[in-house]
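The values are calculated or read from the model by the stated rules, or taken from the named source; none is laboratory data. Everything quoted here is computed from the prediction, not taken from an experiment. As a convention, Cβ positions derive from the backbone with ideal geometry for all residues, glycine included, and neighbour counts pool all protein chains shown. The accessibility values were calculated without ligands, DNA or RNA, using every heavy atom of the protein model including side chains. Shrake-Rupley method; radii C 1.70, N 1.55, O 1.52, S 1.80 Å.
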Amino acid sequence: DAGVTQTPRHEVAEKGQTIILKCEPVSGHNDLFWYRQTKIQGLELLSYFRSKSLMEDGGAFKDRFKAEMLNSSFSTLKIQPTEPKDSAVYLCASSLVWGGGQNTLYFGAGTRLSVL
Amino acid sequence: QQKVQQSPESLIVPEGAMTSLNCTFSDSASQYFAWYRQHSGKAPKALMSIFSNGEKEEGRFTIHLNKASLHFSLHIRDSQPSDSALYLCAVSIAGGNYKPTFGKGTSLVVHP
């Protein structure tokens with residue numbers, strides 16, 4: 001079975017650029033999460049979708065971060081405009097039905113973003 | 001808002017040792033507790049989860065939950081160099097609208 005696929009694995013951007021990160025969840029999973037991971041803050045939730053509906057958009061990240069589920073098997077995270085403090089690893093995770101007794105998150109390997 | 005804290009931040013143990021990792025949470029309504037392991041440069045992967053007070057053992061790994069103390073832990077028996085990784089604890093209130101909140105992680109190094 002294919003797991004969660006994230007592309008690209010590495011991204012380098014200039015300050016002020018727009019970048020789009022991509023995620024393909026596990027086939028058949030209904031829930032999708034985007035997290036940002038840094039050593040200082042750990043994993044911070046950016047967005048949470050259930051069956052393509054946005055359940056939570058991560059509050060502080062609303063301004064420049066926008067996640068979308070274009071269909072049940074593809075999601076994007078747009079950062080616009082990028083700032084150096086956005087340098088981090090961006091993780092996508094999916095779950096069959098979060099909270100429905102099947103509470104395991106399946107993570108992708110992440111996209112490491114460096115903003116110069 | 002749920003606060004999840006892990007201790008210690010980092011740990012170095014010899015091969016064969018018992019390793020204990022701790023996680024505290026702030027919301028007493030929490031009902032899902034899990035540990036994830038992330039090897040360097042890789043995806044976090046679910047290790048074990050527990051829903052009710054007590055202990056659960058799977059191979060060399062044991063998870064212990066004490067809801068009254070707002071605390072759960074992971075114990076690794078006979079630690080191996082392959083256990084060297086970042087360990088993340090996750091907590092959630094039951095129900096689909098409640099997102100899982102993660103701790104910042106404990107970095108474990110098991111030296112031969």
### Query
Between B:Leu47 and residues 5 or more places away or on another chain, which pairs have amide H atoms under 5 Å apart, with H built 1.01 Å from N, and which residues are they?
B:Trp35, B:Tyr36, B:Arg37
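So with the 1.4 Å probe, I'd like the accessible area per residue for chain A, rounded to whole Å².
49 Å²
With the Cα gyration tensor of chain A in hand, convert its eigenvalues to equivalent ellipsoid semi-axes via √(5λ) and list them largest first in whole Å. The partial results should precede the final answer.
Working: eigenvalues 108, 39, 34 Å².
Result for chain A: semi-axes of 23, 14, 13 Å.
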#### Entry: Solvent exposure of segment B:1-108 as accessible area per residue, Å², 1.4 Å probe
47 Å²
### Task
Taking amide H positions as placed in the peptide plane 1.01 Å from N, state which residues far from A:Met55 in sequence (5 or more) or on other chains have amide H under 5 Å from it.
A:Tyr48, A:Phe49, A:Arg50
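Share of segment B:13-94's accessible area from carbon and sulfur, percent, 1.4 Å?
Values: 1770 of 3570 Å².
On segment B:13-94, the fraction of accessible area on carbon and sulfur atoms equals 50 percent.
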### Query
Given the options A:Lys78, A:Lys39, A:Lys15, which has the most mean-square fluctuation in a GNM of chain A, springs set between C-alpha atoms less than 10 angstrom apart?
A:Lys39
### Karplus-derived HN-Hα couplings along segment A:59-65 (A = 6.51, B = -1.76, C = 1.60, θ = phi - 60°), whole Hz, x at Gly and Pro
x, 5, 9, 4, 3, 10, 10
### Task
Would you calculate the separation in nanometres between label points at B:Ala46 and B:Leu70, each defined as 7 Å from the Cα along the Cα-to-beta-carbon direction?
2.6 nm
### Query
Which listed residue (B:Ser73, B:Phe25, A:Leu91) has the Cα farthest towards the positive end of the charge dipole for the protein assembly as shown, taking +1 on Lys and Arg C-beta and -1 on Asp and Glu C-beta about the Cα centre?
A:Leu91
### Query
Roughly what percent of Cα-Cα pairs across chain B reach past 18 Å?
45 percent
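If you average the sequence gap of Cα pairs under 8 Å that are 6 or more apart and divide by the length of chain A, what percent do you get for the contact order?
On the way: 289 pairs, mean separation 42.5, N = 116.
The value is 37 percent.
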### Query
Please state the relative contact order of segment B:19-112 as a whole percent: Cα pairs under 8 Å, 6+ residues apart?
32 percent
### Query
Say a paramagnetic label sat at a point 7 Å from the Cα of A:Val97, along Cα to Cβ; which residues of segment A:1-39 have their backbone N under 15 Å from it?
A:28-32
## Note on the structure
In whole percent, the fraction of accessible protein surface over segment A:27-79 that belongs to carbon or sulfur atoms, probe radius 1.4 Å, stands at 46 percent
#### Entry: Overall form of segment B:1-65 per C-alpha gyration tensor (a/c, 1.5; a/b vs b/c)
prolate
### Message
Of the candidates B:Ser84, B:Ser69, B:Ser49, which one comes out as most mobile in a Gaussian network treatment of chain B with C-alpha springs shorter than 10 Å?
### Response
B:Ser69
### Query
Using alpha carbon centroids, what distance separates segment A:26-64 and segment A:2-16, in Å?
15 Å
#### Entry: Two-decimal Rg/Rh across the protein assembly as shown, once Rg and the Kirkwood Rh are taken from alpha-carbon atoms
0.97
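Taking R0 as 25 Å, what FRET efficiency do you get between A:Thr7 and B:Ser82 from their Cβ-Cβ distance, rounded to the nearest 0.05? Mind dumping the intermediate values first?
Numbers: r = 28 Å, r/R0 = 1.12.
The computed FRET efficiency comes out at 0.35.
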### Summary
On protein heavy atoms with a 1.4 Å probe, the accessible surface that disappears when B meets A, both sides summed and given to 100 Å², is 1600 Å²
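Please report how many Lys pairs in chain A have alpha carbons closer than 14 angstrom, counting only residues at least 8 apart along the chain or sitting on separate chains.
Values: A:Lys15/A:Lys85; A:Lys22/A:Lys66; A:Lys22/A:Lys78; A:Lys39/A:Lys85; A:Lys52/A:Lys66; A:Lys62/A:Lys78; A:Lys66/A:Lys78.
Eligible lysine pairs with Cα atoms under 14 Å apart amount to 7.
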#### Entry: Sparse-neighbour loop sites [GluC sites (Glu not before Pro); segment A:1-103; at most 11 other C-beta within 10 Å; DSSP]
A:Glu14
